[in-house]
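All of the numbers you see were taken from the coordinates with simple rules; none came from a lab. All figures in this text were calculated on a predicted structure; none of them were measured in a lab. With ideal geometry, Cβ positions are generated from the backbone for all residues, glycine too; neighbour counts draw on all protein chains shown.
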Amino acid sequence: MSAVPSTGPGEKRSVLPPDIRARKGQAPLVVLTAYTTPMARQVDSHCDVALVGDSVGMVLHGLPSTLGVTLEMMILHGRAVMRGLSKAMAVIDMPFGSYEESPEQAFRNAARLMAETGAPAVKLEGGGHMAETIAFLTRRGVPVMAHIGLTPQAVNTLGGYKVIGRAAEGDRVMEDARAIEAAGAFAVVLEKIPVGLAARITQSLSIPTIGIGAGVQCDGQVLVVDDMLGTFTEFRPKFVKRYANLGQLTDEAIASYAADVRARRFPGPEHGFPDLLPGKAS
Ligand code: KIV
C-alpha cells in the first residue's frame, strides 16, 4: 500500500467531515463530482465537497452502469482529484463489491482508498442493512457519507433508475435515514426521492442531507459535474439543471479544427518554427 500524505501533523485541510456535519441547518452545502485534477481545481474554488463518484465509470469510461467500476479506478481518480484540491473536502465512492460482504471487507477497502489517495472520507450506498458496516468504519477512523433512496449500484434489484420512497415506501426510506445516522454517518446523500419525504428526513436528522433529485429543502445539493456542464449526454435525468453546453462547444471546436486541417488552414505561420531566426546567420 503506497501512502499518499494529505495533511501532516498540525496541518489541516480547511474542510473535514466534522466541519461538514456542523453545517447542518446552515448555508447550503455545495457538492459536485470531480474525477480529474483540472476539474478538481475548478470545483475547489466554489464548492465545499468534491465527490469522486463512481459515476466516473459511466461519464469517463463509457460503462453502461456503475457496476463495473473497480477500487483501482477509484484510487486513480481519487489521487488525481486530491492533487487539485486545496480547501474543498474530497469524498471517494466505494465501488460495487468493495464493501457489501462484511464490515471487515469494507474497512480493508476504505482504508486503501484513504491511505492511497489521502482523501478524508468515503461514501457508500445503502440504508439499514449497511448500518453495522457504517458503525464499524466510523469507530475505526473512516468517516462515512451514506447514500440512500435511489442507489445506482442496486439498479438491477430496484428495476431501473426509479423514484424511491413514494407512499408507504417512504417509511422505509425514513428508517434507512435514521439507521445510518445512528450508525455514525457524518452526512447522507438523498437521491431521487420525493421532495416532501426529503424535507421530512432533513428535519428529523441531525446530520446534513445532500440532495440529488430530492428538492430544495435538503441541507446541500450535489450534481454530476458533466451533467450540469453538458459534457455527458447519454441520458439526462429530470433533476439535472444544465448550466452550460460544453459538449456542443467542444463539438464545434473539434469540427473547426478538422475543417482547418483538411483545408490546410492550420497550422498557420504563427504556429511554426522558422528554419533560421531573423538576424542570425547559421
Ligand atoms: O457517483 C456519483 O456521482 C454519485 C452522485 C450522483 C451522488 O454518487
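Data for the structure
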| read-out | value |
| --- | --- |
| Max mean-square fluctuation residue, GNM over the chain, Cα-Cα springs under 10 Å, options Asp260, Asp219, Asp19 | Asp260 |
| Pairs of Lys in the chain closer than 25 Å at Cα, counting only those 8 or more apart or on different chains | 17 |
| In degrees, nearest ten, helix 246-262 long axis to first principal axis of the chain (Cα) | 20 |
| Label-zone membership for region 195-231, site Ala167, 7 angstrom Cα→C-beta point, backbone N under 19 Å | 195-198 |
| Distant-in-sequence amide H partners of His147 (H built 1.01 Å from N, under 5 Å) | Leu124, Gly126, Val189 |
| Share of pairwise Cα separations in region 64-169, more than 18 Å, in percent | 49 |
| Computed helical MRE - 222 nm, the chain, DSSP H runs ≥ 4 contributing -39500 (n - 2.57), nearest 500 | -11000 deg cm²/dmol |
| Chain lengthening between Arg178 and Arg83 when straightened (0.36 nm per residue, less Cα-Cα) | 30.7 nm |
| Modelled FRET efficiency - R0 45 Å, Ala255 with Asn156, Cβ distances, 0.05 increments | 0.70 |
| Rg/Rh ratio calculated on Cα atoms of the chain (Kirkwood radius) | 1.08 |
| Under-5 Å amide H pairs with Leu63, H placed in peptide plane, nonlocal only | Met58 |
| Built amide H within the under 5 Å cut-off of Leu29, gap 5+ | Gly220, Gln221 |
| Cβ charges +1 (Lys, Arg) and -1 (Asp, Glu), total dipole of region 116-169, debye | 80 |
| Degrees, to the nearest 10: 37-46 long Cα axis against longest axis of the chain | 60 |
| Size of electric dipole in region 154-268: Cβ of Lys, Arg +1 and of Asp, Glu -1, about Cα centre, debye, nearest 20 | 380 |
| In nm, spacing of pseudo-spin labels at Ser206 and Ala263 (7 Å Cα→C-beta vector) | 6.7 |
| Nearest 10 degrees, 0 to 90: helix 195-204 Cα axis against the chain principal axis | 60 |
| Size of electric dipole in the chain: Cβ of Lys, Arg +1 and of Asp, Glu -1, about Cα centre, debye, nearest 20 | 500 |
